[in-house]
Structure formats: C-alpha cells, structure tokens
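Bear in mind these aren't lab numbers, they're just calculated from the coordinates by the rules spelled out. Since this is a predicted model, take the numbers as computed values, not measurements. Positions of Cβ are backbone-derived with ideal geometry, glycine not excepted, and every protein chain shown enters the neighbour counts.
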Number of protein chains: 2
Amino acid sequence: MTLTEERDPAPTAAILIIGNEILSGRTQDANLGWLAGRLVELGIRVKEARVIPDIEAEIIAAVQALSARYSYVFTTGGIGPTHDDITAEAVAKAFAVPLIDDVEAAGRLTRHYGADKLTPARLRMARIPEGATLIDNIVSAAPGFRIGNVFVMAGVPAIMRAMFDWLAPSLAGGARMLDRTISCALGESMLAEPLSAIQGRHPEIEIGSYPYFQAGRFGVSLVARGTDEAALAAVAEEIAQMIRRLGGDPMET
Amino acid sequence: MTLTEERDPAPTAAILIIGNEILSGRTQDANLGWLAGRLVELGIRVKEARVIPDIEAEIIAAVQALSARYSYVFTTGGIGPTHDDITAEAVAKAFAVPLIDDVEAAGRLTRHYGADKLTPARLRMARIPEGATLIDNIVSAAPGFRIGNVFVMAGVPAIMRAMFDWLAPSLAGGARMLDRTISCALGESMLAEPLSAIQGRHPEIEIGSYPYFQAGRFGVSLVARGTDEAALAAVAEEIAQMIRRLGGDPMET
C-alpha cells in the first residue's frame, strides 16, 4: 500500500542512472540507495528509478517522461570528457535548447587544470544546455547543471554526493517521512491477515512487509511509514502486540 | 557508444524491481547487479532497469511498456502473502487475463506447509494469471510464474536466485558478450581524444570510460565489450599502447 498524493502532497522525485556499466553487471550501483535516502530525509518522495544505457534517444525519452511526471529528476552519469559522455547533449535535446559553451564553467575548468592544459576534451565538460544553471563540483571542478526540474550530476559517487549536498538547500521538501521497523522470526504468511487488518485501520500509514531468509531461517521486517509520529507509534505498538499474540518476539530495528 | 541492434541481434531484457523499500532508501537493492551479470553470461543484453513502488497502475504500465519492447522482462518482488504483495494481480491485468487459483501451485504449498496450516494468506500465493506457467521455488515452495515474455520472481535474493537458475535453461541466449577492462591512474580527460579515435576505428566494440576517485586520486577503467574475441583483443592492445604513450601504466583488471 502506498500513500496517495491526495493524502501526501509532498514533492516527488525520480532518479535516472545513466550508464552501460550498471546494466552489464560490471558495476554495482552505489548512487540509487544513497540518493533515495537523502531525498527521503528532505521530505521528498522517490517514486521511480530507472537505469538506462548511454544512448541518446533513451536519455531524451526518459528525461522527458520523468520530468513531466515528477517534481524533480536527478540524473547520474555521462557528464565526463569522453566519447561515451552524452548526457549533457541529450538533456539539451530533451528540453529542445542548444548546447552552449558556458563561460563560467569554462572558467572553473581553466582555474582547475590551468589554461595550458585545457584540452578540447576537458572543455567539452563546459558545454551545458542553454538556460541551465551550474551545480558546483568541489571535487574535480567540472560542474553539473540544473535545467527545469532536472538535476544532472556526475556518476562517480564521491562527486555525485558532493554535488547533491551542494544543491540540496535549493530543493523544496515536504513533511518528513518517518518510519518504524519491527522485525521478528515468524513467517510472513502467519502475519498476513492481522497485518492487513492493521493496515485497514490506519490508511494514513503505509505498512510494508519484507521477508528475509538468512542461515536457513525465515523472518520478516515490518516497516511502517508516515508523516504523523503519533499515528506511527500507534501502528508500531499494534504490530508489536500482533507479533506477541502469534508467539513471536518483536524487535525494533 | 552502444552496439546497435543491427550489429548485435542478441535477445534483450529489462529488469523490473517492484518494491517501496528500495525507493525509500531503506534497503539496498541486491538483485539488479546479480541478474544483470547472469543475463550477460547467457548472451542476453540488459537494456533497461526500473524500480517502481507497489502501486497496481505503475506495475501494469511498466510491465506493458517493457514486455512490448524487449525480448524478456524479469520482475522481482511483491509475490508474497501480505497485503502489499500485488504483483501477480497487476501482471494478470497487464496481460488482460483473470487471476486464477492454480491447482499445481496450491498443491506445492499444501505439501510444504501441511494442509492444516494452509491459511488463506498462504493460498494467496497460489494465485497466478491464467495461462501462466510456474517457476520452481526450491527454497520456500511458493512459485514464481512466466506469462508471455515476463518472468515474475520473488524479491528475497536467495529465492530470486534459485528461481532464476531454474528458469535460465529456458532462455534463448545470443552470442556471449565478452569484455576486457584496462585501468590506469591517468585522468579521464587526458585519454578522451585518443580513446575516441580507437572507438572510431572499431565500431564493432563498445568502449566505456569509467572514472573513479579513491584516496584523493583519480583513475579510470576503460571497458571494451563485444562478441568478437579477436577484435576485442586488438582494442585492448590499442588501449594499453595509448596509456603507455601518455605515460601511464595500463593494468588489466
């Protein structure tokens, strides 16, 4: 069950991870979980994530679909100096604006690398869509950018994180989403019916049931989420009582 | 750069991860990387991945969009016994067929739990779309299913992996995608131009450039991928020579 937008008017977001390396299984994505966690802290609801390859038409289509649908879109990857870095150009096309040489971005690259080492490849990183504003990169100078509701960031986790922390104060957040997690070693199917009854009594709280299987044994984590602390506490208590009634040992984790 | 389908007629796949817990940042996804790696080994090209919440309309839309576009779709999550497990019902709606009580699936659950413990919640896991075929679950009995080109699997990694290994022999693979990775401590922007020239000479090989930043130092991994081992070896050698020419020390990793 998920809270409807009518009940929860908080801003929404999509995360768009651009890069063949994730889809080839070569690299484990490290950006989605971190970004989702930070957005949740800011009261922004992450509604969707996509991983797509470095193909221009795919990037254009995804940026257009997601930016039309959600309050914010955060992209990672494809803004470096090499031939496979095509995100800036694709995002410009998604917004139907030209890609321009940005004077401020070129200045930052000049100060970082030195004018004599500012190769054409490096200057490529100063090309941003017309009308975009820069996102600071305190790690390696080459900036990200924002155009409309789309924030274009690097794929290297250390740089992406620095960029996000820089831009975060500009985001409008909603009510902070709170959560309580109660785990037990009971099988999920034992809990299904009473849990559904608790969910039915508390439509303002979203209850998720996440089974796990470790060392040959099943258990389940029950996660209650919502913006009302008192309602959340009531649900957490009902869940704990339900687990005890079924002979389990509720652990808040 | 990505190989076009004209050059590479291998089957394609999308991965659809269903579950609020990934989007809330609470759980780090462990299925995408594993599945992508296994599909690549089978000669199947993973073209897209999506993470969506447990919302029926979202699941229907994603299943329809992805199954129309790719050879295979693999979903994880949402097939358990609790109120938030709505994947089977949503997939049935995506294919416009009824959700039925499957006799074989119910039999497996009866043998696993015992007839006296087969609660309505557990029997929920025997409901599959009409016309679907079962995917074995050697871990916890409740099966996944295949309908059309869509494979519906559990979200618990140990169960998902067992389900995938069971169904993998039924997949048609293409030419195995091979890769060679050469890393060096040079900055990506130094390599951009000569690397682009190598890519231009070898359109049959896809070359990706993945910078990393560790302990205050930049480096880059250059990944060449393709199905022709000899062409791949030639590209790997050209990349190593390029790195040496620029004063770097190529390491195959």
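A few points about this structure:
- Neighbour-count ranking [beta-carbon atoms within 10 angstrom, fewest first] of B:Glu89, A:Glu206: B:Glu89, A:Glu206
- Beta bridges per DSSP, both residues in the protein assembly as shown: antiparallel share near 65 percent.
- Cα centroid separation - region B:202-228 against region B:143-174, whole Å: 31
- Relative exposure of B:Tyr212, A:Tyr210, judged by other C-beta atoms within 10 Å (fewest first): B:Tyr212, A:Tyr210
- If you run the Gaussian network model on chain A, springs between alpha carbon atoms under 10 Å, then out of A:Ala115, A:Ala236, A:Ala94 the most flexible one is A:Ala115.
- By the count of neighbouring beta-carbon atoms within 10 Å, fewest first, B:Thr253, B:Thr133 end up ordered B:Thr253, B:Thr133.
- Taking chain A as a Gaussian network of alpha-carbon nodes connected by springs under 10 Å, the highest mean-square fluctuation of the residues A:Ala106, A:Ala14, A:Ala88 belongs to A:Ala106.
- Kirkwood Rh and Cα Rg combined as Rg over Rh, evaluated for the protein assembly as shown: 1.00
- In nanometers and ordered shortest first, the copy-to-copy spacing of the A:Gly216 label point, defined 7 Å from Cα toward Cβ, is 5.0.
- Secondary structure note: in chain A, about 65% of the DSSP beta bridges are antiparallel.
- In this structure the amide hydrogen of A:Tyr212, modeled in the peptide plane, comes within under 5 Å of the amide hydrogens of A:Gly219, A:Val220, A:Ser221, none closer than 5 places in sequence on its chain.
- Taking the Cα centre of the protein assembly as shown as origin and assigning +1 to Lys and Arg Cβ atoms and -1 to Asp and Glu Cβ atoms, the resulting dipole is close to 400 debye.
- Computed from backbone phi, the HN-Hα couplings of region B:134-142 come to 7, 10, 4, 10, 7, 8, 9, 6, 4 Hz, rounded to whole numbers (Karplus: 6.51 cos²θ - 1.76 cosθ + 1.60, θ = phi - 60°; Gly and Pro given as x).
- Couplings 3J(HN,Hα) for region A:217-222, derived from phi with the Karplus relation 6.51 cos²θ - 1.76 cosθ + 1.60 (θ = phi - 60°), are 10, 8, x, 8, 9, 9 Hz, where x marks Gly and Pro.
- Computed over chain A, the quotient of the alpha carbon radius of gyration and 2.2 N^0.38 Å is 1.23.
- Anisotropy class of region A:102-168 from Cα gyration tensor, a/c 1.5 cut: oblate
- Helical runs assigned H by DSSP (4 residues or longer) give chain B a calculated mean residue ellipticity at 222 nm of -11000 deg cm²/dmol, each run adding -39500 (n - 2.57) before division by the residue total.
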